[in-house]
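> Can you keep this structure in mind? I'll have questions shortly.
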Amino acid sequence: MFFMPRKLKYPTEKQLEIWKLKRDKLKGKEIAKQKAVTTGFVSKTLIDANERIRGLLENAAYMNKITLEVLSEEVGFARGQSHMLGGIQCYITFSPQNGVQVWYEHKGECVNCEKYTMCRDILIQEFKERNIHLNNPQLRPTDLTEVLFQHLEEKVKG
(Lines give C-alpha, C1' and ligand atoms only; values in the text may rest on other atoms or scores of the structure.)
Protein backbone atom coordinates (compact mmCIF):
# COMPACT_ATOMS: atom_id res chain seq x y z
CA MET A 1 0.00 0.00 0.00
CA PHE A 2 1.38 3.39 -0.95
CA PHE A 3 -0.56 6.52 0.05
CA MET A 4 -0.55 10.11 -1.05
CA PRO A 5 -0.27 12.74 1.67
CA ARG A 6 -3.38 14.43 2.96
CA LYS A 7 -4.22 17.13 5.44
CA LEU A 8 -3.19 15.81 8.82
CA LYS A 9 -4.59 16.45 12.24
CA TYR A 10 -3.10 15.13 15.43
CA PRO A 11 -5.67 13.46 17.73
CA THR A 12 -7.12 15.72 20.43
CA GLU A 13 -6.48 15.01 24.12
CA LYS A 14 -10.01 13.59 24.52
CA GLN A 15 -9.56 11.39 21.44
CA LEU A 16 -6.24 10.11 22.77
CA GLU A 17 -7.72 9.35 26.20
CA ILE A 18 -10.51 7.26 24.69
CA TRP A 19 -8.22 5.68 22.08
CA LYS A 20 -5.78 4.55 24.80
CA LEU A 21 -8.60 2.99 26.82
CA LYS A 22 -9.84 1.13 23.74
CA ARG A 23 -6.28 0.04 22.89
CA ASP A 24 -6.09 -1.35 26.43
CA LYS A 25 -9.07 -3.58 25.54
CA LEU A 26 -11.89 -1.74 27.31
CA LYS A 27 -15.28 -2.02 25.64
CA GLY A 28 -17.15 1.07 24.44
CA LYS A 29 -19.73 0.73 27.24
CA GLU A 30 -16.97 0.55 29.85
CA ILE A 31 -15.24 3.62 28.42
CA ALA A 32 -18.54 5.54 28.32
CA LYS A 33 -19.24 4.69 31.95
CA GLN A 34 -15.71 5.57 33.07
CA LYS A 35 -15.73 8.90 31.20
CA ALA A 36 -19.39 9.69 31.97
CA VAL A 37 -20.29 10.09 28.29
CA THR A 38 -22.58 8.25 25.89
CA THR A 39 -21.53 5.18 23.93
CA GLY A 40 -22.30 7.20 20.79
CA PHE A 41 -19.76 9.82 21.87
CA VAL A 42 -17.18 7.08 22.47
CA SER A 43 -17.87 5.54 19.06
CA LYS A 44 -17.62 8.86 17.20
CA THR A 45 -14.49 9.85 19.11
CA LEU A 46 -12.81 6.52 18.29
CA ILE A 47 -13.69 6.85 14.61
CA ASP A 48 -12.16 10.33 14.52
CA ALA A 49 -9.07 9.29 16.51
CA ASN A 50 -8.48 6.23 14.33
CA GLU A 51 -8.82 8.30 11.17
CA ARG A 52 -6.25 10.79 12.43
CA ILE A 53 -3.83 8.09 13.57
CA ARG A 54 -4.19 6.28 10.24
CA GLY A 55 -3.36 9.55 8.48
CA LEU A 56 -0.24 10.03 10.62
CA LEU A 57 0.98 6.48 9.94
CA GLU A 58 0.27 6.73 6.21
CA ASN A 59 1.98 10.10 5.99
CA ALA A 60 5.08 8.80 7.76
CA ALA A 61 5.18 5.94 5.24
CA TYR A 62 4.77 8.35 2.34
CA MET A 63 7.47 10.73 3.61
CA ASN A 64 9.91 7.87 4.11
CA LYS A 65 8.99 6.11 0.84
CA ILE A 66 7.76 3.01 2.63
CA THR A 67 5.26 0.69 0.97
CA LEU A 68 2.98 -0.55 3.74
CA GLU A 69 2.01 -4.18 4.18
CA VAL A 70 0.33 -3.89 7.59
CA LEU A 71 -1.44 -0.93 9.15
CA SER A 72 -3.48 -0.83 12.35
CA GLU A 73 -4.62 2.54 13.61
CA GLU A 74 -6.19 0.79 16.62
CA VAL A 75 -2.75 -0.45 17.69
CA GLY A 76 -0.82 2.56 16.37
CA PHE A 77 1.43 0.37 14.25
CA ALA A 78 2.40 -0.13 10.61
CA ARG A 79 4.95 -2.29 8.82
CA GLY A 80 6.31 -2.08 5.31
CA GLN A 81 9.38 -1.98 3.11
CA SER A 82 11.66 0.85 2.16
CA HIS A 83 12.46 0.72 -1.52
CA MET A 84 14.95 3.57 -1.05
CA LEU A 85 16.97 1.31 1.23
CA GLY A 86 16.83 -1.89 -0.78
CA GLY A 87 13.55 -3.22 0.55
CA ILE A 88 14.49 -3.43 4.22
CA GLN A 89 11.68 -3.89 6.71
CA CYS A 90 10.38 -0.70 8.33
CA TYR A 91 8.10 -0.17 11.28
CA ILE A 92 6.08 2.90 12.17
CA THR A 93 4.63 3.40 15.63
CA PHE A 94 2.30 5.96 17.08
CA SER A 95 1.90 6.61 20.77
CA PRO A 96 0.62 9.67 22.63
CA GLN A 97 3.94 10.16 24.41
CA ASN A 98 6.34 9.50 21.52
CA GLY A 99 4.20 10.59 18.58
CA VAL A 100 5.13 8.97 15.26
CA GLN A 101 8.39 7.03 15.11
CA VAL A 102 9.90 5.29 12.09
CA TRP A 103 12.21 2.33 12.70
CA TYR A 104 14.38 0.48 10.19
CA GLU A 105 15.27 -3.16 10.72
CA HIS A 106 18.99 -3.58 11.22
CA LYS A 107 21.53 -5.15 13.52
CA GLY A 108 23.42 -2.11 14.63
CA GLU A 109 26.26 -1.63 17.02
CA CYS A 110 24.02 0.11 19.53
CA VAL A 111 26.70 0.56 22.17
CA ASN A 112 28.76 2.79 19.87
CA CYS A 113 25.80 4.75 18.51
CA GLU A 114 25.27 8.39 19.52
CA LYS A 115 21.48 7.77 19.47
CA TYR A 116 21.65 4.84 21.91
CA THR A 117 20.06 6.61 24.87
CA MET A 118 17.40 8.34 22.81
CA CYS A 119 16.33 5.11 21.03
CA ARG A 120 16.35 3.17 24.26
CA ASP A 121 14.27 5.78 26.12
CA ILE A 122 11.68 5.90 23.32
CA LEU A 123 11.43 2.12 23.20
CA ILE A 124 11.10 1.72 26.97
CA GLN A 125 8.34 4.35 26.87
CA GLU A 126 6.58 2.37 24.11
CA PHE A 127 6.61 -0.73 26.32
CA LYS A 128 5.24 1.24 29.28
CA GLU A 129 2.49 3.00 27.31
CA ARG A 130 1.34 -0.26 25.78
CA ASN A 131 1.48 -2.17 29.09
CA ILE A 132 3.89 -4.71 27.63
CA HIS A 133 5.95 -6.55 30.22
CA LEU A 134 9.64 -6.55 29.33
CA ASN A 135 11.50 -9.57 30.70
CA ASN A 136 14.94 -8.09 30.11
CA PRO A 137 14.98 -4.26 30.19
CA GLN A 138 18.76 -4.27 29.65
CA LEU A 139 18.46 -5.32 26.01
CA ARG A 140 20.06 -3.19 23.30
CA PRO A 141 17.66 -1.00 21.29
CA THR A 142 17.81 -3.28 18.23
CA ASP A 143 16.83 -6.23 20.43
CA LEU A 144 14.10 -4.18 22.13
CA THR A 145 12.60 -3.39 18.73
CA GLU A 146 12.41 -7.09 17.87
CA VAL A 147 10.45 -7.80 21.05
CA LEU A 148 8.19 -4.77 20.61
CA PHE A 149 7.40 -5.33 16.94
CA GLN A 150 6.73 -9.04 17.45
CA HIS A 151 4.26 -8.14 20.19
CA LEU A 152 2.58 -5.48 18.03
CA GLU A 153 2.32 -7.85 15.04
CA GLU A 154 0.59 -10.40 17.29
CA LYS A 155 -1.78 -7.72 18.55
CA VAL A 156 -2.68 -6.71 15.00
CA LYS A 157 -3.42 -10.32 14.07
CA GLY A 158 -5.68 -10.57 17.12
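The values are calculated or read from the model by the stated rules, or taken from the named source; none is laboratory data. Because the structure is a prediction, the values reported are computed rather than measured. All Cβ positions, glycine included, derive from the backbone under ideal geometry; neighbour counts span all protein chains shown.
> Sort out which residues of the stretch 131-154 are charged (D, E, K, R) and in contact with a Gly (Cβ under 9 Å, 6 or more places away or on another chain), and write them in order of number.
R140
> Take the residues in the stretch 112-129 that are of a type in the set (D, E, K, R) and closer than 22 Å to S72 by Cα; name whichever of them is surrounded by the most Cβ atoms within 10 Å (Cβ to Cβ).
Across the stretch 112-129, the extreme among qualifying residues is E126.
> What is the one condition in (1) assigned to a helix (DSSP H, G or I); (2) over 13 Å from W103 (Cβ atoms) that V147 does not satisfy?
Against the list (1) assigned to a helix (DSSP H, G or I); (2) over 13 Å from W103 (Cβ atoms), V147 comes up short only on (2).
> Please verify whether I132 is closer than 23 Å to K22 by Cα, buried (at least 19 other Cβ atoms within 10 Å of the Cβ), aliphatic (A, V, I, L, M) and without any contact (Cβ under 8 Å) to a residue 60 or more places away in the chain, treating the condition exactly as stated.
In short, no.
> Assess whether L144 counts as being buried (at least 17 other Cβ atoms within 10 Å of the Cβ) and closer than 21 Å to R79 by Cβ.
Details: buried (at least 17 other Cβ atoms within 10 Å of the Cβ): yes; closer than 21 Å to R79 by Cβ: yes.
The answer is yes for L144.
> Also, I was wondering about something else. At pLDDT below 95 and not basic (K, R): is that true of G80 in this structure? So that I can check it myself, show each step before the final result.
Numbers: at pLDDT below 95: no; not basic (K, R): yes.
Criteria not met by G80.
> Output the residue which, of all residues in the stretch 67-109 that are part of a strand (DSSP E or B) and under 18 Å from R120 (Cβ atoms), is farthest from the chain's Cα centre (by Cα).
Filtering the stretch 67-109 for residues that are part of a strand (DSSP E or B) and under 18 Å from R120 (Cβ atoms), the one farthest from the chain's Cα centre (by Cα) comes out as Y104.
> Moving on. Got at least one residue in the stretch 124-144 being under 13 Å from the mean Cα position of the chain (by Cα) and within 19 Å of K107 (Cβ to Cβ)?
no
> Is it true that K35 is modelled with pLDDT of 95 or more and either touching a helix residue (DSSP H, G or I) at 6+ places or on another chain (Cβ under 8 Å) or within 24 Å of E13 (Cβ to Cβ) (or both)?
Judged against the criteria, K35 is a match.
> Against the conditions (1) at pLDDT 95 or above; (2) within 19 Å of Q97 (Cβ to Cβ), where does R23 fall short? Just the number, please.
For R23, the exception is condition (1).
> Specify which of the listed residues (V75, V70) is within 27 Å of G158 (Cα to Cα), in contact with a strand residue (DSSP E or B) (Cβ under 8 Å, 6 or more places away or on another chain) and not polar (S, T, N, Q).
Sole residue among the options that is within 27 Å of G158 (Cα to Cα), in contact with a strand residue (DSSP E or B) (Cβ under 8 Å, 6 or more places away or on another chain) and not polar (S, T, N, Q): V70.
> So which of R52, R120 ends up being of a type in the set (K, R), outside any loop (DSSP other than H, G, I, E, B) and without any contact (Cβ under 8 Å) to a residue 40 or more places away in the chain?
Exactly one residue qualifies, and that residue is R120.
> Restricting the search to the stretch 45-102, which residues are among the aromatic types (F, W, Y) and crowded, with 20+ Cβ neighbours inside 10 Å?
F77, Y91, F94
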